[in-house]
Amino acid sequence: MSEAAAEVAEEVLVREDREGVAILTLNRPRQRNSLSEALIAALTAEMTSIADDPSVRTVVLAANGPVFSAGHDLKELTAARQQEDRGRAYYQDIMQRCSTMMLSILKNPKPVIAKVHGTATAAGCQLVATCDLAIAATEAQFATPGVNIGLFCSTPMVALSRNVSRKHAMEMLLSGDMADANHAAEIGLINRAVSQESLDTEVMALATKIASKSSMTVSIGKRAFYDQLELGISDAYAFTSEVMVKNMLTHDAEEGVNAFIEKRDPTWKDR
């Protein structure tokens with residue numbers, strides 16, 4: 001069976017649901033889970049569906065095979081050079097589609113946790129940086145190595161530079177070097193590095209903890225977090241003050257405060 005035929009025969013993205021947690025698994029292990037047209041489309045579609053699915057409270061993004069994701073599918077990118085415009089229209093389209101996919105994670109009302117068991121490079125590193133949270137096995141490595149092949153990781157830079165300090169981001173982008181999981185945790189690319197054996201337990205413990213909260217409150221908080229980052233300090237305080245007012249008037253805020261005062265567990269209505 002050819003590589004293309006094998007991909008058609010398999011799902012490029014696999015979903016499993018566990019008690020409010022949707023686990024999305026990249027499933028192109030033979031292609032190092034590179035972000036093909038099909039995988040970008042599948043992940044965008046799932047994120048769009050999950051956004052409106054009340055049964056899902058948290059999302060875990062994982063991958064099959066030894067590599068988390070090697071970034072864009074270079075074979076697809078190279079094939080486009082045979083077109084009359086040397087691939088310009090295709091490159092514009094695929095970069096836009098990939099950006100839309102990344103934004104579907106960022107703008108999703110459900111928190112997304114990257115479960116990184118192996119190497120994440122280029123757009124694969126971007127994918128990790130885009131997720132709200134990330135836990136990696138100590139064996140995992142991260143890089144934005146485009147500079148090594150004459151293709152600067154400009155779109156991965158967007159997520160990377162919003163998660164780590166400027167100098168650390170520039171070092172990764174300009175050197176193309178691999179960063180191990182412990183260094184990735186130190187610079188803020190991931191939350192923490194854990195043993196490969198405990199990775200699933202650690203990720204699911206965090207996912208289920210978040211899933212136990214009011215999903216309405218969590219969605220308000222996630223959106224406000226990213227929105228206020230783009231504002232000046234005075235505007236950020238004005239914006240988040242209004243968010244707090246609206247949040248205080250919700251059922252779950254009233255229930256949560258009353259439960260705290262009465263020393264009991266809250267009953268969330270997600271409204």
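A short reminder: the numbers here are calculations on the coordinates, not readings from a lab. These numbers were taken from a predicted model, which means no experiment stands behind them. Cβ: placed from backbone, ideal geometry, glycine included. Neighbour counts: every protein chain shown.
Looking at (1) surrounded by 15 or more Cβ atoms within 10 Å (Cβ to Cβ); (2) over 18 Å from ALA122 (Cβ atoms), can you tell me which one GLN82 breaks?
(1)
How many of the residues in the range 164-175 are touching a residue at least 24 places away in the same chain (Cβ under 8 Å) and either touching a strand residue (DSSP E or B) at 6+ places or on another chain (Cβ under 6 Å) or surrounded by fewer than 18 Cβ atoms within 10 Å (Cβ to Cβ) (or both)?
Adding up the residues that qualify gives 2.
Sort through GLN141, GLN196 and tell me the only one that's surrounded by fewer than 16 Cβ atoms within 10 Å (Cβ to Cβ), over 24 Å from ALA51 (Cβ atoms) and not aromatic (Phe, Trp, Tyr).
Selected residue: GLN196, the only one of GLN141, GLN196 that is surrounded by fewer than 16 Cβ atoms within 10 Å (Cβ to Cβ), over 24 Å from ALA51 (Cβ atoms) and not aromatic (Phe, Trp, Tyr).
Counting residues that are within 21 Å of the chain's Cα centre (by Cα) and hydroxyl-bearing (Ser, Thr, Tyr), which helices (runs of 4 or more DSSP H) fully inside the range 155-271 reach at least 3?
Because the criterion is at least 3 residues that are within 21 Å of the chain's Cα centre (by Cα) and hydroxyl-bearing (Ser, Thr, Tyr), the helices (runs of 4 or more DSSP H) in the range 155-271 that meet it are 215-229.
Filtering the range 89-101 down to residues that are free of Cβ contacts under 8 Å to residues at least 40 places away in the same chain and surrounded by 12 or more Cβ atoms within 10 Å (Cβ to Cβ), which residue is nearest to LEU151 (Cα to Cα)?
So the residue we want is TYR91.
Can you go through GLU76, GLU84, GLU139 and tell me which one is of a type outside the set (A, V, I, L, M) and touching a Ser or Thr at 6+ places or on another chain (Cβ under 7 Å)?
GLU76
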